[in-house]
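S.K.: First, the structure itself, so that you have it in front of you.
The values are calculated or read from the model by the stated rules, or taken from the named source; none is laboratory data. The shown structure was predicted, so the numbers you read here are calculated from the model rather than taken from an experiment. A quick note on method: Cβ atoms are made from the backbone with ideal geometry, for glycine too, and the neighbour counts reach across all protein chains shown.
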Amino acid sequence: MSPTPAENDTPYAGLDPEVVLDALDAVGLRGDGRLIQLNSYENRVFQVFLEDGRVVVAKFYRPGRWSDAQILEEHAFAIELAAKEIPLAAPWPLTPDPQSLRAVQVTSRGPTLAAFDTVGGPYRFTVTARMAGRAPEVEDPSVLEWIGRFIGRIHAIGATGRFETRMALNPTTYGTEPRDWLLAQDIVPPDALTAWRSMAESALEQVREAFEGITSLKLLRLHGDCHLGNILWTDAGPHFVDLDDAVTGPAVQDLWMLLSGSRAEQTRQLGAVLDGYEQFMDFDRRELALIEPLRTLRMIHHSAWIARRWKDPAFPIAFPWFESPSYWMEQATRLRDQIEAMAEAPLVA
């Protein structure tokens, strides 16, 4: 499912503010000229002010990353969650205007996905309402419990269906395949190659053993990237954003990134999250043994993610140290630490 580097050469080269506004105008959303680019490495995301007073978020997907079917499956999941009163921004229906006189000619790729072609494209985009909020105060156990309740509700809904085209999170897709790709492309500098390759192989062996050690592991539709940066807090509680990495995987994937600090602190945090979670969804405690393996997979997958997008001009600027031997030696050291962490007893709650 991952693109080759060639597919990412200078993406978004033709996506200037005028093109963004023209594309929205072509689906009946006329901007008043104001737009703000929001932080996103993977896609291009804009907050756009409309003439009718509404404020929307327009997401333009990275060319070549997902198929139309995968994007529409993400959208369908978001709509399904929103219909069950999960606080997240569901994509709006988009209907291109065939009479539009704009230079950008927009076509439909599905009920919530539109597309047009220009330099660097084709570009596919979706639109949601703007959601505002602040970072959750996770030092407060009641906040973590509240977040846990909503993740439990998300998983209860996720368990009622299945993804047909979205990726599955497992040791192969997030570990072996990105590791093999990095080695095949000669991404790792020679000075760090032996150390990184050895640590990656040892770490992945433990990851595979951890997954295989859980018989009948339940897999369900997940948010997939449920870290605190993707949760906005308001007086009404949490709001979830960015289902771009929605996957099929074990429930603990949407829980472990909420934990930080010492082992004692993570134990307390986990207890608070599960107090809320289990009000709506049963949790298999055996999955706690996957927390460190999942952290290991995320490390290897992240390195490959940067490498696959290196020809995108934004990436060398954002990650200037990526090609240096010191980065890869640090990664080897971190993988060694993960080997030790995976050998310890899992967290309990």
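S.K.: I need the full set of residues from the stretch 33-49 which are touching a residue at least 24 places away in the same chain (Cβ under 8 Å), of a type outside the set (Phe, Trp, Tyr) and part of a strand (DSSP E or B), in order please. Outline the logic, then answer.
M.R.: Narrowing the stretch 33-49 to residues touching a residue at least 24 places away in the same chain (Cβ under 8 Å): 41-44, 46-48.
Adding the requirement that they be of a type outside the set (Phe, Trp, Tyr) leaves 42-44, 47-48.
The answer is ARG44, GLN47, VAL48.
S.K.: Take THR215 and decide whether it is at pLDDT 95 or above, in the same structural domain as ILE339 (by TED's automatic domain parsing) and β-branched (Val, Ile, Thr). Lay out the reasoning, then the answer.
M.R.: Values: at pLDDT 95 or above: yes; in the same structural domain as ILE339 (by TED's automatic domain parsing): yes; β-branched (Val, Ile, Thr): yes.
Judged against the criteria, THR215 is a match.
S.K.: Let me ask something else. For VAL207, only one of the following conditions fails: (1) surrounded by fewer than 19 Cβ atoms within 10 Å (Cβ to Cβ); (2) part of a helix (DSSP H, G or I). What is its number?
M.R.: So VAL207 meets the others, but not (1).
S.K.: If a residue counts only when it is surrounded by 20 or more Cβ atoms within 10 Å (Cβ to Cβ), which strands (runs of 3 or more DSSP E) contained entirely in the stretch 99-187 have at least 2 such residues? Even if it seems obvious, please write down each step before you answer.
M.R.: Working: elements: 107-110, 113-116, 123-129.
By residue number, 113-116, 123-129.
S.K.: Let me ask you something else. From the list GLN331, GLN266, GLN338, exactly one residue is closer than 30 Å to ALA78 by Cβ, in the same structural domain as THR172 (by TED's automatic domain parsing) and among the polar types (S, T, N, Q). Which is it?
M.R.: Working: GLN331 fails: closer than 30 Å to ALA78 by Cβ; GLN338 fails: closer than 30 Å to ALA78 by Cβ.
Just a single option satisfies the conditions, and that option is GLN266.
S.K.: When the residues of the stretch 207-266 are narrowed to those that are touching a residue at least 40 places away in the same chain (Cβ under 8 Å) and among the acidic types (Asp, Glu), which ends up farthest from VAL57 (Cα to Cα)?
M.R.: ASP254
S.K.: What residue, among those in the stretch 243-297 that are among the acidic types (Asp, Glu) and not in a loop (DSSP other than H, G, I, E, B), is nearest to PRO178 (Cα to Cα)? Walk me through how you get there before you give the answer.
M.R.: Applying the first criterion (among the acidic types (Asp, Glu)) to the stretch 243-297 yields 244-245, 254, 265, 275, 278, 282, 284, 287, 292.
Applying the additional criterion that residues be not in a loop (DSSP other than H, G, I, E, B) yields 254, 265, 275, 287, 292.
Values: ASP254: 21, GLU265: 32, ASP275: 35, GLU287: 23, GLU292: 18 Å.
Ranking the candidates gives GLU292 first.
S.K.: Look through GLU85, GLU80 and report the one residue that is assigned by TED's automatic domain parsing to the domain that holds VAL45, out of contact with any strand residue (DSSP E or B) (no Cβ under 6 Å at 6 or more places or on another chain), in a loop (DSSP other than H, G, I, E, B) and acidic (Asp, Glu).
M.R.: Working: GLU80 fails: in a loop (DSSP other than H, G, I, E, B).
The conditions single out GLU85.
S.K.: Looking at VAL241 and the list (1) in contact with a His (Cβ under 9 Å, 6 or more places away or on another chain); (2) at pLDDT below 95; (3) of a type in the set (A, V, I, L, M, F, W, C), which single condition is not satisfied?
M.R.: All conditions are met except number (1).
S.K.: Tell me, which residue of the stretch 99-144 that is out of contact with any helix residue (DSSP H, G or I) (no Cβ under 7 Å at 6 or more places or on another chain) and of a type in the set (Lys, Arg) is farthest from LEU35 (Cα to Cα)?
M.R.: Restricting to residues being out of contact with any helix residue (DSSP H, G or I) (no Cβ under 7 Å at 6 or more places or on another chain) and of a type in the set (Lys, Arg), the top hit is ARG134.
S.K.: Here is a check on your reading of the model: is LEU113 within 24 Å of HIS227 (Cβ to Cβ), hydrophobic (A, V, I, L, M, F, W, C), assigned by TED's automatic domain parsing to the domain that holds GLY28 and touching a residue at least 40 places away in the same chain (Cβ under 8 Å)?
M.R.: Numbers: within 24 Å of HIS227 (Cβ to Cβ): no; hydrophobic (A, V, I, L, M, F, W, C): yes; assigned by TED's automatic domain parsing to the domain that holds GLY28: yes; touching a residue at least 40 places away in the same chain (Cβ under 8 Å): yes.
So LEU113 fails the test.
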